[in-house]
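Working notes for the structure below.
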Amino acid sequence: MFVNLLAASFLLALALSATIAWISKEAIDAILRRFVVDPVVRAGFEKYIRFAIVVVGISGGTRVKPLQEYITAADYNKPAMLAALTQEFWALELYRTVTGALEAVAGLLLVCIFLALIA
């Protein structure tokens, strides 16, 4: 059951990050157009930034800790941990996935914008 939670968390973070990367494509291109003249280099930077958005969103949003706690738990404690997997627990973990992914992507974009302002 914890593996299902990890898979759901991963898929949610992937979908959210990919959506953010897709939505921000025009904004990234507009910002890079001001600083990078060569269209080939600009396209490479844009692809890299969109890839970084997806990777950072997944790593920031995927909740590995519950699975890690279940794996390292003593055998007598595992049934109690499985019983704690209620709808409320799932809702809270998926909410943490969303907020973690958004926070990680926002941090990445903040750093990118800061570096663009310095350039």
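Could you identify which residue out of I71, I53, I20 has the top mean-square fluctuation in a GNM of the chain using Cα springs shorter than 10 Å? Sorting by GNM fluctuation, first place goes to I71.
Taking the charge dipole of region 1-98 about its Cα centre, with +1 at Lys and Arg Cβ atoms and -1 at Asp and Glu Cβ atoms, the residue from I31, L14, A91 reaching farthest to the positive side is I31.
Largest mean-square fluctuation among L102, L14, L85, in a Gaussian network model of the chain whose springs join Cα atoms under 10 Å apart, belongs to L85. The residues of the chain have, on average, 66 Å² of accessible surface per residue, using a 1.4 Å probe with all protein chains present. Among the DSSP helices (H) of the chain, those spanning at least 24 angstrom by Cα along their long axis with an average Kyte-Doolittle hydropathy of -1.0 or more are 2-23, 39-61, 87-118; this is a geometric and hydropathy rule only.
Cα-Cα pairs above 16 Å in region 1-44: how many percent? Present the calculation step by step, with values, prior to reporting the outcome.
Details: 519 of 946 pairs.
For region 1-44, the fraction of Cα-Cα distances above 16 Å is 55 percent.
Here region 1-105 has 66 percent of its accessible surface on carbon and sulfur atoms, given a 1.4 Å probe and all protein chains in place. Rounded to the nearest 500, the helix-only mean residue ellipticity at 222 nm of the chain stands at -28500 deg cm²/dmol, with each DSSP H run of n ≥ 4 adding -39,500 (n - 2.57). Every Cα-Cα pair in region 1-89 was counted, and those over 23 Å apart are 45% of them.
Partner lysines whose Cα lies under 29 Å from the Cα of K47, excluding those fewer than 8 positions away in the same chain, are identified as K25.
Partner aspartates and glutamates whose Cα lies under 12 Å from the Cα of K78, excluding those fewer than 8 positions away in the same chain, are identified as E69.
The values are calculated or read from the model by the stated rules, or taken from the named source; none is laboratory data. The model shown is predicted, which means the values in this text are computed figures rather than measured ones. Every residue, glycine among them, receives a Cβ derived from its backbone with ideal geometry; neighbour counts consider all protein chains shown. Just so you know, the surface numbers come from the protein's heavy atoms only, side chains and all, with ligands and any DNA or RNA stripped out. Shrake-Rupley method; radii C 1.70, N 1.55, O 1.52, S 1.80 Å.
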